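Data block below; observations after.
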Amino acid sequence: MVKDSPEDVDVLLTAELRRRGLSDAEIKAATRKRKRRKALEFAAVTYPVHGLRPSSARTPDELCTVEFAAGQLKLHPKTILRFIKENRLRATRVGKSYRILRSDLDAFSGVPAPAETPAEEAWVTSIVDVPGVAPDLARRWATTVTGALDARPRDGQPLRAEVIYETERAHLKIVVVGSVGDTAGLMALIKVWLEQLRP
């Protein structure tokens, strides 16, 4: 395994901390102390690809031993025990030993918390059946629905709609797939268009 030069580690560490949202002043403060810097280098260099860690390797609620914490911080286990007794590092006593939450260890060592990914929004699939539609009206529906989709802002959630016309049955179907809010907005437009068709 080829060892990275100190300059490469500096560049990698700075890039990783910037990616995590730290300002230049915060990066300078976080990397100033040598002990903190070692923990940051371990986190950034061991898992350089976008700061991702294998799911089995680390979770915020993972419990760590004093020896593991000492290894991560490059300190003696007695130093970790002293930090715990001085209430500088949170830990829970289990029998005669201590367990430290991984998130508390990361906070103590100055490793920035990973950004939480937003929860995915629920999606809806809706089908509108319109019987008794002539072919020319079906083409107008297809143009109108496509125009409504094209008029939406590009930075919003994706919304798909497909207009299907069965000529032998003179039956029109509109299939809409998208987020709950966007689908509801398009369905409201379809409702208005359907009301305009009534004599």
Of (1) surrounded by fewer than 16 Cβ atoms within 10 Å (Cβ to Cβ); (2) under 12 Å from residue 183 (Cβ atoms); (3) not aromatic (Phe, Trp, Tyr), residue 159 satisfies every one except (1)
For segment 140-156, which residues satisfy the criterion of being exposed (fewer than 13 other Cβ atoms within 10 Å of the Cβ) and in contact (Cβ under 8 Å) with a residue 12 or more places away in the chain? 156
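Looking at residue 88, is it part of a loop (DSSP other than H, G, I, E, B), under 26 Å from the mean Cα position of the chain (by Cα) and basic (Lys, Arg)? Full working, then the answer.
Working: part of a loop (DSSP other than H, G, I, E, B): yes; under 26 Å from the mean Cα position of the chain (by Cα): no; basic (Lys, Arg): yes.
No: the conditions fail for residue 88.
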How do the pairs read when you match residues in segment 159-184 that are without any contact (Cβ under 8 Å) to a residue 60 or more places away in the chain with residues anywhere that are surrounded by 14 or more Cβ atoms within 10 Å (Cβ to Cβ) and among the acidic types (Asp, Glu), using Cβ under 7 Å and keeping only pairs 6 or more apart or on different chains? 159/182
Looking at the structure I just gave you, is residue 14 at pLDDT below 85 and in a helix (DSSP H, G or I)? yes
Of those in segment 153-186 that are touching a strand residue (DSSP E or B) at 6+ places or on another chain (Cβ under 6 Å) and not in a strand (DSSP E or B), the residue modelled with the lowest pLDDT is 157
Mind checking which residues of segment 59-100 are of a type in the set (Lys, Arg) and in contact (Cβ under 8 Å) with a residue 24 or more places away in the chain? 74, 99
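Can residue 91 be described as in the same structural domain as residue 14 (by TED's automatic domain parsing), surrounded by 17 or more Cβ atoms within 10 Å (Cβ to Cβ) and either within 28 Å of residue 11 (Cβ to Cβ) or at pLDDT 70 or above (or both)? Break it down stepwise before answering.
Details: in the same structural domain as residue 14 (by TED's automatic domain parsing): no; surrounded by 17 or more Cβ atoms within 10 Å (Cβ to Cβ): yes; either within 28 Å of residue 11 (Cβ to Cβ) or at pLDDT 70 or above (or both): yes.
Spelling it out, it is not the case that residue 91 is in the same structural domain as residue 14 (by TED's automatic domain parsing), surrounded by 17 or more Cβ atoms within 10 Å (Cβ to Cβ) and either within 28 Å of residue 11 (Cβ to Cβ) or at pLDDT 70 or above (or both).
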Of all residues in segment 114-138, which are at pLDDT 85 or above and over 17 Å from residue 175 (Cβ atoms)? 132, 134, 135, 136, 137
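The values are calculated or read from the model by the stated rules, or taken from the named source; none is laboratory data. Computed from a predicted structure; not experimentally measured. A quick note on method: Cβ atoms are made from the backbone with ideal geometry, for glycine too, and the neighbour counts reach across all protein chains shown.
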